[in-house]
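A short write-up of the structure that comes next.
The values are calculated or read from the model by the stated rules, or taken from the named source; none is laboratory data. Because the structure is a prediction, the values reported are computed rather than measured. Every residue, glycine among them, receives a Cβ derived from its backbone with ideal geometry; neighbour counts consider all protein chains shown.
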Amino acid sequence: MKIIRIFMIVFVAFLSAGKSNGQTAGEVIDKYLSAIGGKEKIIQIKSFYTEGKMEVMGMEGKIKTTILNGKGYRQETEMMSQIQVTCLNEKGGWLTNPFQGSTAPNDMPAEIYNMSKSKLIVGDPFVNYQASDVKVELAGNETIGSVNAIKIKMIKADNSFTTFYFDPTTFFLIRLVQKISMQGQEAEMVLNYSNYKEAGKGYIVPFTTETEMGNGMKVVGTILTAEVDKAVDPAIFNKP
């Protein structure tokens, strides 16, 4: 009887520990949103503007990003005296690619637009994921550096998915992994996030993003200045 009592105590303690430590994907996402300023604050942001630098293959360039929440996204990348523009609005997207000899704006392929349109929303893809056609699920843990990161899969209706990695102490997002198509070949894109700081009005973002492509290319982007609710002319998102 004594052995049975000890077994039951240990068993109940194990169940209780599992309940207190277990988290759903939704709870992890809620903690992430709280960590970066809180969902209620984020959805009130009208615009988000950043200027920074990028380093790729030993070269350094400038980068400017403008988001008019829910309306438009524009990124200008300057390198070797050339400016590349990527732009999204509610209807579609367009881009220029002077590095491949195309300075005229071209329509963005639907596949790329659909993959990128979450950039229109400040705080996405998590701030309004419950209203979209995706589902989220826990995918265990994985060690990234010294962090035993929590993995969450966000799965779209077509069964494509993105894996997100969260620090269980800060609940900041530290990594994103996504399959992409490059020149007809499938590749894995990895984004590592670090150096979280307040950008304004309580909104906290990673000031350093390291992007690794399947072809071995690595791009490091660093935010130098950030502004929340800067006045933005919606016309800048229209195709010229």
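Here N106 passes the criteria (1) touching a Ser or Thr at 6+ places or on another chain (Cβ under 8 Å); (2) surrounded by 14 or more Cβ atoms within 10 Å (Cβ to Cβ); (3) assigned to a strand (DSSP E or B); (4) of a type outside the set (G, A, S) except the one numbered (2). When we screen G70, G123, G61 for residues that are more than 23 Å from K41 (Cα to Cα) and either under 18 Å from the mean Cα position of the chain (by Cα) or not in a loop (DSSP other than H, G, I, E, B) (or both), the only hit is G61. Applying the criterion of being among the hydrophobic types (A, V, I, L, M, F, W, C) and more than 18 Å from the chain's Cα centre (by Cα) to the residues of region 96-120, the residue that is nearest to F48 (Cα to Cα) is M108. Within region 76-95, if we keep just the residues that are under 20 Å from the mean Cα position of the chain (by Cα) and of a type in the set (S, T, N, Q), the residue that is nearest to M54 (Cα to Cα) turns out to be T77. When region 6-48 is filtered for residues that are more than 23 Å from F171 (Cα to Cα) and modelled with pLDDT of 95 or more, the ones remaining, listed by number, are K46, S47. Residues that are aliphatic (A, V, I, L, M) number at least 2 in the following strands (runs of 3 or more DSSP E) confined to region 139-237: 147-155, 173-182, 185-200, 203-212, 218-228. Restricting attention to region 93-103, the residues that are surrounded by 13 or more Cβ atoms within 10 Å (Cβ to Cβ) and small (G, A, S) total 1. The single residue among K218, K239, K201 that is touching a residue at least 12 places away in the same chain (Cβ under 8 Å), of a type in the set (D, E, K, R) and within 27 Å of K41 (Cβ to Cβ) turns out to be K201.
Residues in region 19-46 that are among the hydroxyl-bearing types (S, T, Y) and in contact with an Asp or Glu (Cβ under 6 Å, 6 or more places away or on another chain): 0 in all.
Do you know which of the residues in region 55-92 that are of a type in the set (G, A, S) and either modelled with pLDDT of 95 or more or within 18 Å of Y113 (Cβ to Cβ) (or both) is surrounded by the most Cβ atoms within 10 Å (Cβ to Cβ)? First the steps, then the outcome.
Within region 55-92, the subset of a type in the set (G, A, S) is 58, 61, 70, 72, 81, 92.
With either modelled with pLDDT of 95 or more or within 18 Å of Y113 (Cβ to Cβ) (or both) added as a condition, the list becomes 61, 70, 72, 92.
Details: G61: 19, G70: 13, G72: 23, G92: 14.
If we take residues in region 55-92 being of a type in the set (G, A, S) and either modelled with pLDDT of 95 or more or within 18 Å of Y113 (Cβ to Cβ) (or both), then G72 is surrounded by the most Cβ atoms within 10 Å (Cβ to Cβ).
Residues in region 145-156 that are over 9 Å from D167 (Cα atoms) and either charged (D, E, K, R) or under 18 Å from the mean Cα position of the chain (by Cα) (or both): 6 in all.
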